[in-house]
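Have a look at the structure below before the remarks.
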Amino acid sequence: MRLDIRNRTLYAYDDWVAESQNEVRLAPLTDGRQHLVAYRLSVAPSSRSLAFTDYWGTRVDAFGVREPHLSLEIVAEAAVETAGARPRPEAIGWDGLSEQEFRDRHDEYLARTPHADWGPAVADAAADARADDLVSTVVGVHDLVRERMAYETGSTHIGIDVDRVLAEGHGVCQDFAHLAVAMCRSLGVPARYVSGYLFTSSDRTGENVDGDLVNVQTHAWFEAAVPGHGWMALDPTNGREVGVRHVKIGHGRDYDDVPPIRGAVSGSSTAEVETDVEIRRMDPSQQATVLAPPRTHPAPEPSTAQAQQQQQQ
Amino acid sequence: MAGGLFSGYDLGGFYDEAIGPDGTPRPGQGPVVDWFDALSPDDLRHHGALRDDVLRSRGITFTVYGEAQGIERTWPMDLFPRIIRADEWSHLERGLAQRVDACNRFLEDLYVGDQAILEDGVVPRWLVMTSSGFEREAFHVSVPHGARCLVSGVDVVRGADGRFLVLEDNLRNPSGVSYVLENRATMARVLTGAFDRMGIRSVDHYGRSLLAALKHAAPPAAGDDPVVCVLTPGVFNSAYFEHAFLARQMGVELVEGRDLVVDDHVVAMRTTGGLRKVDVIYRRIDDHFLDPVVFNPGSTLGVPGLMAAVRAGTVTVANAVGNGVADDKAVYPYVPAMIRYYLGEEPLIDNATTYVLWDDDERAAALDRIDELVWKPVAESGGYGILIGPQATDAELAAMRDTVEADPRGWIAQEVVALSRVPSCVDGRLEGRHVDLRPFVLTGESIEVIPGGLTRVAMREGSLIVNSSQGGGSKDTWVLDGTGAADPSDRSPSEGSAA
């Protein structure tokens, strides 16, 4: 599916800010399932950004604004081509987890991290999801999070430990993802947090969109490592596998490794933050509308995009 | 050696660096032993009082954390110097340079290289990836000339046979070099010329060498005369004295985070004459406080945007960010393997015997001897968190066992090293006290080891804890250049060389 995304974040300060330094992680990545066609970041007041790829493979744009300003507007525009969900693997046993080669690559996804630091409550809940094979276990974790958690818009629980999130029984997508990550890790299954977008009319249900344009928020889900298969990606917020409507920005051990925007602002002013994300489904033959100047090359045909993706696997 | 201050001197069954097993001075030690032996207790008291005056007037202090008041103390320096012969030093010097060379290459390999040492299975990948010192925010950040450990402090000790062993590496922000220089200056005032003919190698050039190394690490675009500054957390830091001292020695600005600004990925410092571009920052702030954008967002010590500037290559931060992975004590056992891997050489200085506790067999064997070993947390420094088995209570040992079982990656165990001793002034006479040594190694155009280093001495009888934060003292460390006046004690048995 060809999606154009426009993410606009506005910080409105109650007093002049002399300086702010920021990092933005809003560029969808290119991997085996999706392909970034174009990306552009604009900032007002204008500032030159330094783009680099971080340890996790996420594109980062770093910039500073060093002139007095009352607002900071960050607009990230992306055109991305997505493919459907990977087929779910057959049953896979637990033995592979302890093989040295696998451990070498995945142990960093087993540790407790600030947003995925579980206690007995989460570990006990996770134990209920444990099955003879890993695939069912990961799916079980996903199902359990859905069962125990109600989606509630509004306040995110970022900063609250997962045991409390579980006890309260409600949250937003980040909380669902962190809880699932923590449950997997408590079982010894390496898991990571994913930041991205979902093209849907409802985060909760993930239901399909009739029209071609939606207004959403950034989304989050989780991936679990399964030996012999790779990463299984599941979205517990709306109970579906990560597929053609999901656009991945990046992953990390938890939210702190892939925050959409982080920064430091001088002085003591407080900000009102306003974010709106617009996702538009494009006819694959169309040029990207949100990106200016228009690209000179036509967007790749789906088959071409597919071939390119496979090449990158 | 007559019956002076050394009368009744007891070797205590340890390797004494000044006095051989036959009771005579070891080679190179004669002049100092004889000079001290000839002092009267009154002389010693007189010299001690003079030393205290000198230290006080020079303002040489150190800080002990965790004490409510009066945490600023006068630096304790023992008058009896620690002497290292030219041949001993030459071996140690080459061994330290070799070690730092390998650590620089290891860090380059991890952060900007192919991680070849991990791919080849020489160092376990998971061990690196689970090190709290492996700083992902520094991934793919290059450092001019790969001089990541620009200043290293490698802690070495001599065991029962007199051989040097590396106890730990300090590759992040090793402190103590200011005391090396101040000890020397103080000794010169107190002993006024008594040992001029011994041929003692100078340490006074440290500031020049450090500045040269820092300038060498400047980004290529900085030009011929890069601007260097020292970044300190501020006056409440225990090593603030040293930060100010080093800035003065080098003739560069001492700044705090708020004195620096980042504009368009370029760092500048605020001066009375306006903003001035900075090329190299000798930072004495821990990684996690350097830049609130990428690290601890609550840090008021750092400089917002600094890491992006470092990544852009407009400024060098020394030591490099992320060095902690190489001085992680669970990675330390692999340093000899790194030397073989990167340099194709055998290590010249061995590690102390160390047990990695994440290995089930080694852990079981070590826990069986829990009361015989030294237990160290992998990410700490300065002696914090260490438990010395033979001196621990049953309750402490039981707690340590639980801690290690719960977090085997987080600890190592080492054999107790019977630290060598050096005569030290105690109650108007000389007694043997245990010492260690922190030599300072600079990575500049070449790797340079400052002759000697900081000798720390456990002034309490029998104690092995040399940290000044925990009741330790220090000694001036003399490296002989081999040209000194004939030493009558050189006739003593050659076992003293004990290489």
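The values are calculated or read from the model by the stated rules, or taken from the named source; none is laboratory data. Computed from a predicted model, the values in this text were never measured in an experiment. No Cβ is skipped: glycine too gets one built from the backbone with ideal geometry, and neighbour counts run over all protein chains shown.
Given the condition over 30 Å from the mean Cα position of the chain (by Cα), free of Cβ contacts under 8 Å to residues at least 40 places away in the same chain, over 17 Å from B:CYS229 (Cα atoms) and in the same structural domain as B:HIS145 (by TED's automatic domain parsing), answer yes or no: does some residue in segment B:277-295 qualify? Within segment B:277-295, one or more residues are over 30 Å from the mean Cα position of the chain (by Cα), free of Cβ contacts under 8 Å to residues at least 40 places away in the same chain, over 17 Å from B:CYS229 (Cα atoms) and in the same structural domain as B:HIS145 (by TED's automatic domain parsing).
What about B:VAL230, is it β-branched (Val, Ile, Thr), within 19 Å of B:ARG283 (Cα to Cα) and not in a loop (DSSP other than H, G, I, E, B)? Answer is yes for this residue.
Based on what the data block shows, is A:ALA12 out of contact with any Ser or Thr (no Cβ under 7 Å at 6 or more places or on another chain) and more than 14 Å from every other protein chain (Cβ to nearest Cβ)? So A:ALA12 does not fit the description; no.
Close Cβ contacts (under 9 Å, 6 or more residues apart or on different chains) running from residues in segment B:107-134 that are within 13 Å of chain A (Cβ to nearest Cβ) to residues that are polar (S, T, N, Q) and surrounded by fewer than 20 Cβ atoms within 10 Å (Cβ to Cβ) comprise B:TYR111/B:SER142; B:VAL112/B:SER142; B:GLY121/A:GLN100; B:PRO124/A:GLN100; B:ARG125/B:GLN115; B:TRP126/A:GLN100; B:VAL128/B:GLN115. If you scan segment A:159-202, which residues turn out to be surrounded by fewer than 18 Cβ atoms within 10 Å (Cβ to Cβ) and at pLDDT below 95? If the condition is that a residue be surrounded by fewer than 18 Cβ atoms within 10 Å (Cβ to Cβ) and at pLDDT below 95, then A:GLY159, A:ILE160, A:ARG164, A:ALA167, A:GLU168, A:GLY169, A:HIS170, A:SER201, A:SER202 are the ones that fit. Counting only strands (runs of 3 or more DSSP E) that sit completely within segment B:242-316, those holding 3 or more residues that are modelled with pLDDT of 95 or more and either out of contact with any strand residue (DSSP E or B) (no Cβ under 9 Å at 6 or more places or on another chain) or among the aliphatic types (A, V, I, L, M) (or both) correspond to B:260-263, B:266-271. Number of residues in segment B:1-49 that are more than 23 Å from B:GLY484 (Cβ to Cβ), assigned to a helix (DSSP H, G or I) and under 27 Å from the mean Cα position of the chain (by Cα): the value is 1. Checking each residue in segment A:8-41 for being over 23 Å from B:VAL266 (Cβ atoms), surrounded by 19 or more Cβ atoms within 10 Å (Cβ to Cβ) and either among the β-branched types (Val, Ile, Thr) or in contact with a Cys (Cβ under 6 Å, 6 or more places away or on another chain) (or both) picks out A:THR9, A:VAL37. In segment B:243-270, of all residues being of a type in the set (Gly, Ala, Ser) and within 14 Å of chain A (Cβ to nearest Cβ), the one that is nearest to B:VAL177 (Cα to Cα) corresponds to B:GLY257. Filter segment B:377-400 for residues that are among the aliphatic types (A, V, I, L, M) and part of a loop (DSSP other than H, G, I, E, B); which is modelled with the lowest pLDDT? The residue in question is B:ALA379.
The single residue among B:GLU93, B:GLU88 that is closer than 29 Å to B:LEU480 by Cβ, in contact with a strand residue (DSSP E or B) (Cβ under 7 Å, 6 or more places away or on another chain) and either in a strand (DSSP E or B) or at pLDDT 95 or above (or both) turns out to be B:GLU93.
Looking across segment B:133-169, the residues that are in contact with a Ser or Thr (Cβ under 8 Å, 6 or more places away or on another chain), in a loop (DSSP other than H, G, I, E, B) and surrounded by 21 or more Cβ atoms within 10 Å (Cβ to Cβ) come down to B:VAL143, B:ALA147, B:ARG148, B:CYS149, B:LEU150. Between A:VAL194, A:VAL209, A:VAL214, A:VAL247, the distinction of being in the same structural domain as A:TYR151 (by TED's automatic domain parsing) and in a loop (DSSP other than H, G, I, E, B) belongs to A:VAL209 only.
Annotation: of all residues in segment B:291-306 being within 12 Å of chain A (Cβ to nearest Cβ) and among the aliphatic types (A, V, I, L, M), the one that is surrounded by the fewest Cβ atoms within 10 Å (Cβ to Cβ) is B:VAL293.
The single condition among (1) surrounded by fewer than 16 Cβ atoms within 10 Å (Cβ to Cβ); (2) more than 30 Å from A:VAL135 (Cα to Cα); (3) within 14 Å of another protein chain (Cβ to nearest Cβ); (4) not hydroxyl-bearing (Ser, Thr, Tyr) that A:ALA44 does not satisfy is (3). Checked against the criteria, A:ALA167 does not count as under 25 Å from A:ASP132 (Cβ atoms) and aliphatic (A, V, I, L, M). Of all residues in segment B:307-345, exactly one satisfies the criterion of being farther than 19 Å from B:PHE289 by Cα, more than 19 Å from the chain's Cα centre (by Cα), among the hydrophobic types (A, V, I, L, M, F, W, C) and within 14 Å of chain A (Cβ to nearest Cβ), namely B:ALA312.
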